[in-house]
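Report on the following structure.
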Amino acid sequence: MPENIINLNVGVLGHVDSGKTTLSKALSTIASTAAFDKNPQSQERGITIDLGFSSLAVEPPDHLRDKCSQLQFTFVDCPGHASLIRTIIGGAQIIDVMLLVLDVTKGMQTQTAECLIVGNITSQKMIVVLNKIDLLPPSKRNAAIEKMKKKMALTLKNTKFTDAPIVCVAAKPGGPDTAEQSEPIGTKELIEEMKKISFIPERKTKSPFVFSIDHCFSIKGQGTVMTGTILQGTVNINDNVEIPILQITKKVKSMQMFHRPVEKAIEGDRLGICVTQFDPKLIERGIACSPGYVPIIYAAILPINRVAYFKEKICTRSKFHISLGHETVMAKVSLFQELDTENSNSEVFNFEKEYAYLEEVSPEDSQTSKSDDSAATANLGTELKTYALLELEHPVPAVPGSLVIGSRLDGDIHANVCRLAFWGRLIHSIDDKSYLTSVLPKLRVFKEKHKSGVVERASNEMEVIGKSMFKKESNIQVFIGLSVKLSTGEGGVIEGSFGQSGKVKIRIPGGLKETTYKQLSGASKKKGKQSDASTTESEIVRFELHFKRYVYDVNKTVKQ
């Protein structure tokens, strides 16, 4: 694409049957091979089941006139059915601007809300489109529209789209079954609004090439075409590109951008790349990239942000659907939190730091203020970052720094609940299949532990015997040298075991207080059950041990 053309990827999202595909068709002048429900299954079921792509080229607005000669909108028509949320998430990750489409006669619906959340995570700007206004009774139309606008303004209050414009349209007046070919209502005003909020996206053209493949098919006599969007970097004719999941590298034979041959393309461009000697049945969607850049990973670490509308707890050892690009895979989640904010905005995970183990993050821990996809975003309502270790059920390709969304997609799709749980940017990929023994032991996540026992007697002024802290079979060796605190105030150190019943010898470096020694010496003169029965609560001297146990330490060592 010539450098004086700016391309913006516009995601068209909303609940099923809100009119997204019809709107995309009304706005577009050029359709790709995957546009407007050409998939036979889409036509059979009467709904969008896959991503569709089309485009519109317009004169640039005044604020971009000195930057480009033409502004191109590439529309990404996403499915709206609840069962296709994985496809929606995959499509949303390539968009710059979002059109949130509502059926004005129905208002906000479950998937409308989920699409709003996805847009809040992925998009920079948004326009709300109230579609099907022609279906409102003329006498009540204006009042109904104003009421819906007020509702939407209230809904957007807790998102970064507080001031998003709201445009009213009828993409196909009379509805889909009408025989008349009436002109769409409001689409010109929508295009003007899109021009107003258009901007020059930040493009990483000097980064390694990454291409999000959304369709793959063969063209007789030419080769196999991979269509998709460039996520970062540039690609030229005759470049070598790798498909990591298939472990193959192919040379680019030719490229097209909405039916126009091109020799070079940059981040954000919608593109068809033709390669030879490649069976398109091997991959439906995925990633192509600069050779060796995108690893196949088995686990990952990332700082996470909880979605405020997700009402369940996010628990360690629980499983979530994890979406990375077009891949969605089940993963076991383990949570931990940083202890200080030093270098907390670093894009590299620090294995030298210690992290506190978290059992769960509850809905009360989330922050309901505006959020966006940036390093400065508040993390779960606290300045201390919360991280997740994701252990994937099967390996997937993962672009460094890519967006990750965790969801619960196995619930009732008809329930009026948010299924999106958390999101974050990948900060550390683990591509070693043996990561359980090679990588995780380096992860310094600890649990705070506490044990308590009772001082049985004093051997002398510098040593006491403790009981009831360890069992007979406990490995007391790992606790030797750890400090304990007596309920009478003295500090002690565990020196070793005493006998075979789990008792320990505790050295008191500063010596026992005279009153403590007298009390414990008196206790030592009492025998067996008589001692237990005759000792009052006030006479019992207890001792406590506080320590850390590192979750992934194969040696199960403890530290203070």
Computed FRET value (nearest 0.05) for residue 330 with residue 539, which takes r as the C-beta separation and R₀ as 35 Å:
0.05
Calculated from DSSP helices alone, with each H run of at least 4 adding -39500 (n - 2.57) and the total divided by the residues of the chain, [θ]222 nm to the nearest 500 comes to -4000 deg cm²/dmol
Excluding residues fewer than 8 places away in the same chain, name every one of the lysines whose C-alpha is closer than 22 Å to that of residue 67.
125, 195, 196, 204, 206, 264
Say each of residue 163 and residue 254 gets a label point 7 Å from the Cα, pointing the same way as Cα to Cβ; how far apart are those two points in nm?
4.8
If each K or R counts +1 and each D or E counts -1, the residues other than residue 461 whose Cβ falls under 13 Å of its Cβ total +1
Between residue 342 and residue 135, the two model label points (7 Å from Cα along the beta-carbon direction) sit apart by a distance in nm of 6.0
At a Förster distance of 51 Å, what's the computed FRET efficiency of residue 364 paired with residue 192, Cβ-Cβ distance as r, to 0.05?
0.70
For segment 296-442: lysine pairs under 20 Å (alpha-carbon distance), excluding those fewer than 8 apart on one chain
15
Amide H within-cut-off set for residue 496, under 5 Å, with H built and near neighbours excluded:
505
So for the pair residue 282, residue 220, with labels modelled 7 Å out along Cα→Cβ, what separation do we get in nm?
2.3
Take the Cβ-Cβ distance between residue 485 and residue 394 as r, set R0 to 45 Å, and report the resulting FRET efficiency rounded to the nearest 0.05.
0.40
Per 0.36 nm of contour for each residue apart, how much would the distance between residue 264 and residue 142 grow if the chain were fully extended, relative to their Cα-Cα spacing?
39.1 nm
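By how many nm would the segment from residue 515 to residue 200 grow when fully extended, if each residue of separation counts as 0.36 nm and the alpha-carbon distance is taken off?
105.6 nm
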Tell me, what ³J(HN,Hα) does each residue in segment 504-512 have, in order and in whole Hz, if you take phi through Karplus 6.51 cos²θ - 1.76 cosθ + 1.60 with θ = phi - 60° and put x for Gly and Pro?
10, 8, 10, 7, 10, x, x, x, 7
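A short reminder: the numbers here are calculations on the coordinates, not readings from a lab. Owing to the predicted nature of the structure, the values given are computational and were not obtained by experimental measurement. Every residue, glycine among them, receives a Cβ derived from its backbone with ideal geometry; neighbour counts consider all protein chains shown.
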